[in-house]
Each structure stands twice: as C-alpha cells, then as structure tokens.
Amino acid sequence: MAATPPAINPVLGGQAVDSRDRTELTAVDGTVLASVGLAPKLLVQAAVRRLRAAADGSRPAPELFATAGELFASAELDGESPDEYRRRVTLATGTPGPAITRAIRGIRDQLNVIERVNRAEYPAPFEAPGHRTLWVPRGPLLAAIVPNNHPEPNVTWVRALAMGLAVLVRPGTKDPFTPSRLTAALLAAGLAPDKLAFLPADHQAGDHLLDQADLGLVYGGPAAAERYARRGDVLVRGPGRSKALVGAGAEDDKELLDDLVRWASDDGGVRCNNISLVLTSGPVRPLADALAERLADLPVLPVLDERATLPAVSVETGEAMAGHLAGLTADAVDHSGHRYGGAPLADPGDGTRVMRPLVVSTDRADAPVAGTELGFPFVVVAPWQPADGVRPLRDSLVVSLPGEHAGLADEALREPSVRKVVTGRTTPWAGVPETPHDGSLAQFLLEPKGLVTSENPD
C-alpha cells in the first residue's frame, strides 16, 4: 500500500487548521508529494481580522530570527527533516537539488543578519534634543503572495515581520513547503502566533488578501507585474530580465565566456538575477555560438543528483514548453537546437524532462524575444552600439558590465528601471547584506514620523 502523502494545512494562531478543501501537489516525476489544505474564504477573512486586531507594530528581537534561521536549516519541524524538505522542494519545483541546498544556507544566513539588512535601507537617523524621526509601518498588515521558482525570496516577508508588521502568507502552488517550514521555525523560535498566518489558497483568495491588507507584496510574471503596477499599496517583484553588455572579442575570451555561462545557468537559471540577454558591441552570432557550445556541456542529470545543474519539468510540461519555445523563437536564430537534435529537452531517466540551455540571437536589441525570461538557462544575444546608450539595458533587475563598457555604470544606475549594476567579473547576485537587491523594502513598508517631546529643547 502506498504511503499517505504528508498534509500541509493553513496555520492561524500558531495552530494548523485542517481543511476539507484539498488538492494534491504532484512532483515533476508524477508522484504525489503532499496533500494541501486550501484556506476557505471564511478562514481567510478570520485570519485578516485576527492579525489586524493583534497587530501592535512591535518588532521581535533579532535573536528570534537568528534562531528561526538555524531551526529552518537544521531542525526537524512538524515531522519534516531538512533533507526531506530539500527533497520535496526539489521534486515539486524541478529546481536542482544543489540549488536548494544553497538556498537553505542562504535563508539561514539572511535571517541571522535580518536587522542589519533592514537598517541598511533606512535613511540616516535623525535625533536632536526633544526631536526624533521614527520609521513606523505604513499599515499594520501585509499580504505576501510568494513565488515558486526559488526559496530565498521568502526572506522578504520575514523581513516585514522584523519591521513590526503582521503578515498573511499565500504560498505558491508548487512550493508551499518553504513558507510552511519558515512558519514552523518562526513559531518555534518564539514568534507571537498572531503575527503570522500561513494560508494556502487559490488566486481569488490571494486577490482578496491583497484587498483586505494594508500593504501587499506580490511575486509573479509579466501579467502580475502589469496587473498591480499602478497600485501604490502593492510592491511587485516581477521578472528580473537581467542583462550583460560585453565588448568586441567576447567570443574568444574564455574566462568571460565561463562567467557568462555561470551567470546564465547558476541554480538552474531559475533566479531573477540570472542573465537572459547578452548585448555585444562585437559580432552577435559568433558569441551566441560560443555560449551555446559551452552551455550544451552542462550535464543532463536527475534533479536530486548532487551534480545536477539544470531544472526539470514534468513530461507534459516539457511537451508544452517545446511548442511554446518554437513559437517564441521563430524569428530568432537558434544556436542550441542542433546540438540536442531538436527541442532543448532531455530524458534523465527518472520520469521527468530536463530543460537544457537554449541560446538564440537576433539582429536587434528590441526584438520581442529579447525581453523574455524563462525558468531555465535561456539567453538571447543581440547587438549594441554606443549610440544606443543605456536604452537596451532598461527594465533590468541587474545589469552586468564586465569589460570595456563599465563606464556606463553611473548612467545605468540613473535609469529608473535598472535596479542594480555590477562591473568587472562580479556575479550578478554578488553583494554584502546591505546591498539593495531590488529597491528598498523598508521604504515601501515604513514611513517616517516625527516625535517631539520638548517645545524648547536645549
């Protein structure tokens, strides 16, 4: 008899709430990983009322988050070991197992310095005799709609807890495991139960949470970004569309090519700061060929293999993706397909399909395909001329300037739609904890207020 899959249920008031409305979460290999209880509308509304009534703006001690990070990374929580958590997330999302291992460490490390990260985003404090400026939440209640592609973005809503907000979390449909485990770790570390609610639910319930909360945080694709772009109470973390601009001769620079391969494929290419567009002031097709050749060397392995570097999808999703990619790249030159004998799909022998890297080139930087970001190593190579300036670099989470064009860094930083710039052989995700990843979360969640305690201070 097959084992009963573990149950994941909503959590309110520090307690799991059994739901009769359930859905099965299926792995990329077709096995059932979990039975997920969905929060009905009445429970969602009860969570909003309960957290709002208890919200007092108090900030838990930084030590609580450090403890939670250690528990998340190393403890058995709700009967789940760290190894079992890693296995489930890997099989649910298709993200390579080694990437999930790194994410576990990353979450632990970020929670250990969460106050340091938050304080780095506040303006310089002002205090004079009798006068102070305090940063307080714009509203007591945040609704967070979290993603599936990578576990680490979940740190964002934990940071909101550290700033004094109460948080309603609606997990992604593929990865409820990470926010569920974080919820358990935070409660075990001593978080007040009514500071946090974990609410697996459908998209309609997610919209309801965003309408009922004071502030919203949404991770999503282009449609979500467009839908919420005009709402001042919702912070949208959409596609990264990270880019690199290289000079002539890049196709012959072995070290630079190795860097570009890593920047495109690290963690399976699923992160928003993996590059998806390479602009060059040299010839386009030789560079695209050189990148495609190196990326094609990445091994095809089951996602649970300790050497895995590429993401996996289900057989059905792979078939659909092949058709989608054919249409998407119809007007581009494919530099990878002939290396694989067709679509960039491979069978690793475990009932899944591995997404192999795909490199295409175009003759213009504003081609529609050049703005595409996919959940595997997908790179468009396009031309750039000095007269173009930073225009082709717009709408980028990260712009990498590894060589002769590093002088564009200041101009790129002044472009409102560019969030971060790196120069030299620096990875797009490099930075100390104080380096902003995507603007300032603190300045979205908080606002300055004055406190005057003396009319005639000394």
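Key figures
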| quantity | calculated |
| --- | --- |
| Sole exception among (1) touching a strand residue (DSSP E or B) at 6+ places or on another chain (Cβ under 9 Å); (2) modelled with pLDDT under 95; (3) surrounded by fewer than 20 Cβ atoms within 10 Å (Cβ to Cβ) for His405, by number | (3) |
| The lone exception for Arg102 - which of (1) of a type in the set (D, E, K, R); (2) surrounded by fewer than 22 Cβ atoms within 10 Å (Cβ to Cβ); (3) within 22 Å of Val169 (Cα to Cα) it fails | (3) |
| Condition broken by Pro239, with the remaining ones in (1) part of a loop (DSSP other than H, G, I, E, B); (2) closer than 30 Å to Pro368 by Cβ; (3) modelled with pLDDT of 95 or more satisfied | (3) |
| Pro60 being over 16 Å from Thr93 (Cβ atoms), modelled with pLDDT of 95 or more and not small (Gly, Ala, Ser) | yes |
| Restricting the stretch 163-208 to residues that are among the charged types (D, E, K, R) and open to solvent by less than 10 Å² (accessible area, probe 1.4 Å), the residue that is nearest to the chain's Cα centre (by Cα) | Asp175 |
| Count - residues of the stretch 347-385 that are open to solvent by less than 20 Å² (accessible area, probe 1.4 Å) and part of a strand (DSSP E or B) | 11 |
| Extreme residue, most open to solvent (accessible area, probe 1.4 Å), among residues of the stretch 242-282 that are in contact with a Phe, Trp or Tyr (Cβ under 6 Å, 6 or more places away or on another chain) and outside any strand (DSSP E or B) | Ser281 |
| Candidates Pro82, Pro123 - the one that is open to solvent by 20 Å² or more (accessible area, probe 1.4 Å), out of contact with any Leu (no Cβ under 6 Å at 6 or more places or on another chain) and modelled with pLDDT under 95 | Pro123 |
| The stretch 327-377: number of residues that are in contact with a helix residue (DSSP H, G or I) (Cβ under 8 Å, 6 or more places away or on another chain) and among the acidic types (Asp, Glu) | 3 |
| Members of the stretch 49-77 found to be outside any helix (DSSP H, G or I), crowded, with 16+ Cβ neighbours inside 10 Å and either at positive phi or in contact with a strand residue (DSSP E or B) (Cβ under 9 Å, 6 or more places away or on another chain) (or both), listed by number | Ala55 |
| Thr372 being touching a residue at least 60 places away in the same chain (Cβ under 8 Å) and hydroxyl-bearing (Ser, Thr, Tyr) | yes |
| Pairs with Cβ under 6 Å, 6+ apart, first in the stretch 82-104 and closer than 10 Å to Pro151 by Cα, second of a type in the set (Ser, Thr, Tyr) and open to solvent by less than 30 Å² (accessible area, probe 1.4 Å) | Ile100/Thr90 |
| Condition check for Glu434: farther than 30 Å from Pro137 by Cα and open to solvent by 60 Å² or more (accessible area, probe 1.4 Å) | no |
| Long-range neighbours under 9 Å by Cβ, at least six apart or interchain, first residue closer than 15 Å to Arg271 by Cα within the stretch 219-239, second among the small types (Gly, Ala, Ser) and open to solvent by 50 Å² or more (accessible area, probe 1.4 Å) | Gly238/Ala229 |
| Any hit, the stretch 438-458, residues being among the hydroxyl-bearing types (Ser, Thr, Tyr), touching a helix residue (DSSP H, G or I) at 6+ places or on another chain (Cβ under 6 Å) and farther than 20 Å from Gln110 by Cα | no |
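The values are calculated or read from the model by the stated rules, or taken from the named source; none is laboratory data. Every value quoted in this text rests on a predicted model; they were computed, and no experiment measured them. Quick reminder, even Gly has a Cβ in these numbers, built from the backbone with ideal geometry, and neighbours come from all protein chains shown. All accessible areas refer to the heavy atoms of the entire protein, side chains included, with ligands and DNA or RNA removed. Shrake-Rupley method; radii C 1.70, N 1.55, O 1.52, S 1.80 Å.
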